[in-house]
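One structure is given below, encoded as structure tokens.
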Amino acid sequence: MTQQYTGSSDEVRKSIVQRSRAGDMTVSNREVAEAFAIDPQYDPYAISLDRVDPSHPSLFLHGTHWKHLQRLREEDPVHYHEESMFGPYWSVTKYKDIKYVDAHHGLFSSQQQKGGIALGGVPDREDQYSLPMFIQEDPPKHDAQRMVVAPMFSPRNLSDLGPLIRERAGMILDGLPRNEEFNWVKHVSVELTGQMLATLFDVPQEDRLKLIDWSDTIQNLGDPEHFETPDEGFQKLFECLAYFQGFYEQRKKEPPKFDLISMLAHDESTNNMSPQELLGNVMLLIVGGNDTTRNSISGGVLALNQYPSQYQKLLQNPGLIPKMVPEIIRWQSPVAHMARTATQDTELGGKLIRKNDRVCMWYISGNRDEDAIDRANEFIIDRDNSRQHTAFGFGIHRCVGNRLAEMQLQIIWEEVLKRFPKVEVTGDPVGLASSFIHGIRELPVTLRD
Ligand code: HEM
């Protein structure tokens, strides 16, 4: 095994990996957590290079993944891990290589049937746990389905949404307590993105917390604190399916209107989806629209507190917000990685990648690559070329919601600056145990009069 495990024997771990890779959803989450326990503080420079493996969720929970990725960027930018907890995979950590993989979708497939877009994806799955969605498809199906929802994110529609987002942001911020600590994630980031999602789907606003709960469920499927087994988590996702199936069938019968469900219900490439495919595409839009933006909103507050000179600069010149927003997204990199499967033998960074090998693009690492981004390891709100980052990906899967995400961040910061002299982080942030979504679960802050 490549990690510094402190738990069970290699045999136990191997059998768990085998069961998980075969798609067994009844593997106990606690058993996995115990078998793969590590000391997240261990020094990646103190072990042999071939053992470095940044994919362990615990590293991300404790914010110690940075040094692992840095060592790979410095010493082995295209790096093979024989036996991670997700099975064997290549780590791609430099900006230019990430861009190359992302741009060559013919060589590196996103298809769910081949393993999909996250480490740990199970190939050839067709049961109720398979979630086909257009981010896990190649052309032509990907292109046709993406086109169905793309109009929602067009500049014209976004300018219509702007005033609504501003009004809601204002109401959320005006309702916050003063001079007492509260969790910014729950009261601001989740609220704003939850309300936005309910609008995009045109479902009742009072159901927005259900959407958030389902989004969190996907992230927590393997977390013993939430579910005994992944299957238990899926039972909750099946409630999500039942909820959306109702709207999907209803909207098929109604004239087309401008919401994501109606768009899916009326286009020929998405009006006949199986229950799994409906759930898959709904989850894609929920997670895409929720976790990412939410963590950028929280990540910005944290970064500005960690870099007080930048906060000062912002307070003196709120006109910097449009430049700051992409910098926050780069800095947080809420999607830590996307994975692909090689469709043929190919070369990358001088290494031979074999057909069917899994390849992981660490976006979060590309965004710290000094060869591509000047002073990449510093948070600078007025940097030039701040939109040059890996956080939205490249090529045909580049984030379809990127302008909406930026607009939400821009508006929330404009409204924050109108109201509060400072959003002060007054407690320790709590991260997310995931090497897929780079998230913040709790951010204690205080607003002083
Ligand atoms: C800061 C916020 C966001 C970040 C960092 C982000 C990041 C990403 C990334 C990295 C990808 C995959 C790119 C690739 O594989 O090349 C992606 C795809 C996608 N995102 Fe976002 N995203 C954000 C916000 C949103 C929002 C607000 C929505 C919409 C509600 C959204 C919906 C999607 C969808 C549907 C895809 C799949 C696109 C495709 O496969 O063609 N995202 N996003």
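The values are calculated or read from the model by the stated rules, or taken from the named source; none is laboratory data. Bear in mind the structure is a predicted one, so any value in this text is a computation, not a measurement. Reconstructed Cβ throughout: ideal geometry from the backbone, glycine too, with neighbour counts over all protein chains shown.
Within segment 143-166, being within 10 Å of the ligand (Cβ to nearest atom), surrounded by fewer than 16 Cβ atoms within 10 Å (Cβ to Cβ) and among the aliphatic types (A, V, I, L, M) holds for 147, 150.
Just to verify a result, which residue in segment 336-351, among those that are assigned to a loop (DSSP other than H, G, I, E, B) and surrounded by fewer than 22 Cβ atoms within 10 Å (Cβ to Cβ), is nearest to the ligand (Cβ to nearest atom)?
Initially, segment 336-351 is screened for residues assigned to a loop (DSSP other than H, G, I, E, B), giving 336, 343-345, 349-350.
Subsequent filtering for residues that are surrounded by fewer than 22 Cβ atoms within 10 Å (Cβ to Cβ) retains 343-345, 349-350.
Numbers: 343: 16, 344: 20, 345: 22, 349: 19, 350: 23 Å.
Among those residues, the one meeting the criterion is 343.
Screening 167, 180 for residues that are farther than 30 Å from residue 340 by Cβ, acidic (Asp, Glu), at pLDDT 95 or above and not in a loop (DSSP other than H, G, I, E, B) leaves exactly one candidate, 167. If you go through segment 124-142 one residue at a time, do you hit one that is away from the ligand (no atom under 14 Å from the Cβ), hydrophobic (A, V, I, L, M, F, W, C), modelled with pLDDT under 95 and within 26 Å of residue 219 (Cα to Cα)? No, the conditions are met nowhere in segment 124-142. Kindly indicate whether any position in segment 379-391 is farther than 20 Å from residue 73 by Cβ and among the β-branched types (Val, Ile, Thr). Yes, that holds for at least one residue. Taking (1) away from the ligand (no atom under 16 Å from the Cβ); (2) not in a helix (DSSP H, G or I) in turn, residue 310 satisfies each apart from (2). Of all residues in segment 290-307, those being of a type in the set (Lys, Arg) and not in a helix (DSSP H, G or I) number 0.
Highlighted here are the helices (runs of 4 or more DSSP H) found entirely within segment 18-102 that include at least 1 residues which are within 19 Å of residue 367 (Cβ to Cβ): 57-61, 65-75.
Of all residues in segment 183-200, those being away from the ligand (no atom under 16 Å from the Cβ) and in a helix (DSSP H, G or I) number 3. Taken over segment 241-261, the residue count meeting the criterion of being part of a helix (DSSP H, G or I) and either within 16 Å of the ligand (Cβ to nearest atom) or modelled with pLDDT under 95 (or both) is 3. Taking into account only those residues within segment 352-380 that are closer than 19 Å to residue 70 by Cβ and not in a loop (DSSP other than H, G, I, E, B), which is nearest to the ligand (Cβ to nearest atom)? Looking at the filtered set, the residue picked out is 363. In a residue-by-residue description of segment 416-432, the property of being within 16 Å of the ligand (Cβ to nearest atom) and within 21 Å of the chain's Cα centre (by Cα) applies to at least one position.
A count restricted to segment 96-117 and to residues that are more than 11 Å from the ligand (Cβ to nearest atom), among the small types (Gly, Ala, Ser) and at negative phi stands at 2. Residue 257 meets all of the listed conditions (1) surrounded by fewer than 16 Cβ atoms within 10 Å (Cβ to Cβ); (2) more than 22 Å from residue 401 (Cα to Cα) but one, namely (2). Flag: residue 72 matches the condition of being of a type outside the set (Val, Ile, Thr), crowded, with 22+ Cβ neighbours inside 10 Å and in contact (Cβ under 8 Å) with a residue 24 or more places away in the chain. Screening residue 438 with (1) more than 14 Å from the ligand (Cβ to nearest atom); (2) in contact with a Ser or Thr (Cβ under 7 Å, 6 or more places away or on another chain) gives one miss only, at (1).
Of the residues 203, 185, which single one is modelled with pLDDT of 95 or more and under 18 Å from the mean Cα position of the chain (by Cα)? If you could, list the steps in order and put the result at the bottom.
Details: 203 fails: under 18 Å from the mean Cα position of the chain (by Cα).
Step by step, each of 203, 185 is checked, and only 185 is modelled with pLDDT of 95 or more and under 18 Å from the mean Cα position of the chain (by Cα).
Have a look at 264, 320 and point out the one that is modelled with pLDDT of 95 or more, closer than 24 Å to residue 208 by Cβ and in a helix (DSSP H, G or I). Just one listed residue meets the conditions, 264. Looking only at segment 381-399, decide whether some residue is away from the ligand (no atom under 16 Å from the Cβ), modelled with pLDDT under 95 and assigned to a loop (DSSP other than H, G, I, E, B). Yes: segment 381-399 contains one or more residues that are away from the ligand (no atom under 16 Å from the Cβ), modelled with pLDDT under 95 and assigned to a loop (DSSP other than H, G, I, E, B). All of (1) touching a helix residue (DSSP H, G or I) at 6+ places or on another chain (Cβ under 7 Å); (2) within 11 Å of the ligand (Cβ to nearest atom); (3) within 30 Å of residue 81 (Cα to Cα) hold for residue 330 with one exception: (1). Is at least one residue of segment 133-144 closer than 21 Å to residue 260 by Cα, acidic (Asp, Glu) and more than 23 Å from the chain's Cα centre (by Cα)? The answer is no; no qualifying residue exists.
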